[in-house]
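Colleague: Pasting a structure below so you can have a look.
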Amino acid sequence: MDRLTEKKANRFRVINEVYERTDGDTSENLDMWQLSSEIGFDPAETQKLVDYLVGESLLEYRALGGVIGITHYGVVQVEAALTTPERATQYFPPVINIHIETMKELVMGDQYKTGQAGAVGPQSHAQDMHFNQIWSERGSEIDLPKLAQELSALRTAMTPGVSDSEKAVALGEVAQAERAALANDGPGVIKHLASAGRWALETAEKIGVALAAALIKSQLGL
């Protein structure tokens with residue numbers, strides 16, 4: 001992610017947090033410094049991000065000491081970004097990309113990062129072995145080209161229903177699984193469908209993509 005795109009993504013992360021914590025209520029106020037601490041942004045960086053959002057009339061300062069609130073225009077822009085998460089908006093990059101990058105940046109347990117290689121370490125290696133093992137046991141039963149078509153249909157069906165960051169993440173996992181299927185990466189498909197969640201499963205069952213639904217269900221342990 002280049003620097004400009006990263007700035008735009010961080011602006012969305014800030015305003016989306018304000019949106020979610022206030023439920024899009026323009027009369028609600030938040031302490032930007034507490035928000036900064038809780039989402040892990042440096043105070044100086046947070047100030048720059050908020051200043052930009054205020055300058056564009058997406059947020060506004062409500063009181064001294066960093067009290068902020070979201071504007072009606074800000075609500076409109078956040079909801080536009082969430083409604084079409086695969087598209088960039090006037091202010092923000094595609095929400096799907098933001099959440100995929102966020103997941104890539106997470107460091108959990110004994111994982112660590114090496115450049116662009118992603119998370120590595122014993123836990124990460126064990127997870128990869130787990131997905132490889134699942135694929136070695138079930139791969140011969142799965143038609144990847146057909147699965148890619150079903151995942152494309154699932155992604156399309158899920159897109160209009162993205163109304164919050166959790167659903168955007170689920171959509172991103174389905175999109176990543178689709179890419180893996182197109183690349184003939186069976187373990188990658190299993191890995192992403194394991195994180196797709198119940199909403200993806202419910203949507204898959206609703207639209208009748210049986211293969212995708214069965215895989216998601218098995219990875220959820222249902």
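Colleague: Quick check on my filter: what residues within the stretch 174-222 are modelled with pLDDT under 90 and among the acidic types (Asp, Glu)?
Modeller: Correct list: Asp185 only.
Colleague: A further question on this structure: β-branched (Val, Ile, Thr), closer than 25 Å to Ala157 by Cα, open to solvent by less than 60 Å² (accessible area, probe 1.4 Å) and touching a strand residue (DSSP E or B) at 6+ places or on another chain (Cβ under 8 Å): does that describe Val54?
Modeller: Working: β-branched (Val, Ile, Thr): yes; closer than 25 Å to Ala157 by Cα: no; open to solvent by less than 60 Å² (accessible area, probe 1.4 Å): yes; touching a strand residue (DSSP E or B) at 6+ places or on another chain (Cβ under 8 Å): yes.
Spelling it out, it is not the case that Val54 is β-branched (Val, Ile, Thr), closer than 25 Å to Ala157 by Cα, open to solvent by less than 60 Å² (accessible area, probe 1.4 Å) and touching a strand residue (DSSP E or B) at 6+ places or on another chain (Cβ under 8 Å).
Colleague: Another question about this same structure. Which of the residues spanning the stretch 156-176 are crowded, with 21+ Cβ neighbours inside 10 Å and more than 10 Å from the chain's Cα centre (by Cα)?
Modeller: Met158, Val162, Val174, Ala175, Gln176
Colleague: Right, next: Could you please give the count of residues in the stretch 69-86 that are in a strand (DSSP E or B) and in contact with an Asp or Glu (Cβ under 7 Å, 6 or more places away or on another chain)? Even if it seems obvious, please write down each step before you answer.
Modeller: Going residue by residue through the stretch 69-86, those that are in a strand (DSSP E or B) are 69-70.
Then keep just the ones that are in contact with an Asp or Glu (Cβ under 7 Å, 6 or more places away or on another chain); that gives 69.
Counting residues in the stretch 69-86 that are in a strand (DSSP E or B) and in contact with an Asp or Glu (Cβ under 7 Å, 6 or more places away or on another chain) gives 1.
Colleague: Might you check whether a residue that is modelled with pLDDT of 90 or more and in contact with a strand residue (DSSP E or B) (Cβ under 9 Å, 6 or more places away or on another chain) occurs anywhere in the stretch 81-101?
Modeller: Within the stretch 81-101, none of the residues are modelled with pLDDT of 90 or more and in contact with a strand residue (DSSP E or B) (Cβ under 9 Å, 6 or more places away or on another chain).
Colleague: Still on this structure, please answer the following. Name the residue that is surrounded by the most Cβ atoms within 10 Å (Cβ to Cβ), counting only residues in the stretch 1-50 that are more than 20 Å from Arg62 (Cα to Cα) and among the β-branched types (Val, Ile, Thr).
Modeller: Here the residue is Thr5.
Colleague: Now, a different point. Filter the stretch 16-68 down to residues that are within 24 Å of the chain's Cα centre (by Cα), hydroxyl-bearing (Ser, Thr, Tyr) and more than 25 Å from Leu4 (Cβ to Cβ), then give me how many there are.
Modeller: Number of matching residues: 2.
Colleague: Could you tell me whether Gly69 is surrounded by 17 or more Cβ atoms within 10 Å (Cβ to Cβ), farther than 12 Å from Val14 by Cβ and in contact (Cβ under 8 Å) with a residue 40 or more places away in the chain? Lay out the reasoning, then the answer.
Modeller: Working: surrounded by 17 or more Cβ atoms within 10 Å (Cβ to Cβ): yes; farther than 12 Å from Val14 by Cβ: yes; in contact (Cβ under 8 Å) with a residue 40 or more places away in the chain: yes.
Criteria met by Gly69.
Colleague: Among Ile70, Ile39, which is in contact with a helix residue (DSSP H, G or I) (Cβ under 8 Å, 6 or more places away or on another chain), within 22 Å of Lys167 (Cα to Cα) and modelled with pLDDT of 95 or more? Outline the logic, then answer.
Modeller: Values: Ile39 fails: modelled with pLDDT of 95 or more.
Only one candidate passes the filter, namely Ile70.
Colleague: Given the conditions (1) closer than 22 Å to Val162 by Cα; (2) surrounded by 15 or more Cβ atoms within 10 Å (Cβ to Cβ), and given that Arg198 satisfies all but one, which numbered condition is not satisfied?
Modeller: (2) is the only condition that Arg198 fails.
Yes or no, residue by residue, for (1) more than 30 Å from Glu17 (Cα to Cα); (2) touching a residue at least 40 places away in the same chain (Cβ under 8 Å):
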| position | (1), (2) |
| --- | --- |
| Gly139 | yes, yes |
| Ser152 | no, no |
| Thr156 | no, no |
| Ala168 | no, yes |
| Gln176 | no, yes |
| Ala180 | yes, no |
| Ala204 | no, yes |
| Gly208 | yes, no |
| Leu211 | yes, yes |
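The values are calculated or read from the model by the stated rules, or taken from the named source; none is laboratory data. This structure is a prediction, so every number in the text was calculated from the model and none was measured. Here Cβ is always computed from backbone atoms with ideal geometry, including for glycine, and neighbour counts include all displayed protein chains. Surface areas here come from the heavy atoms of the whole protein model, side chains and all, with no ligands, DNA or RNA. Shrake-Rupley method; radii C 1.70, N 1.55, O 1.52, S 1.80 Å.
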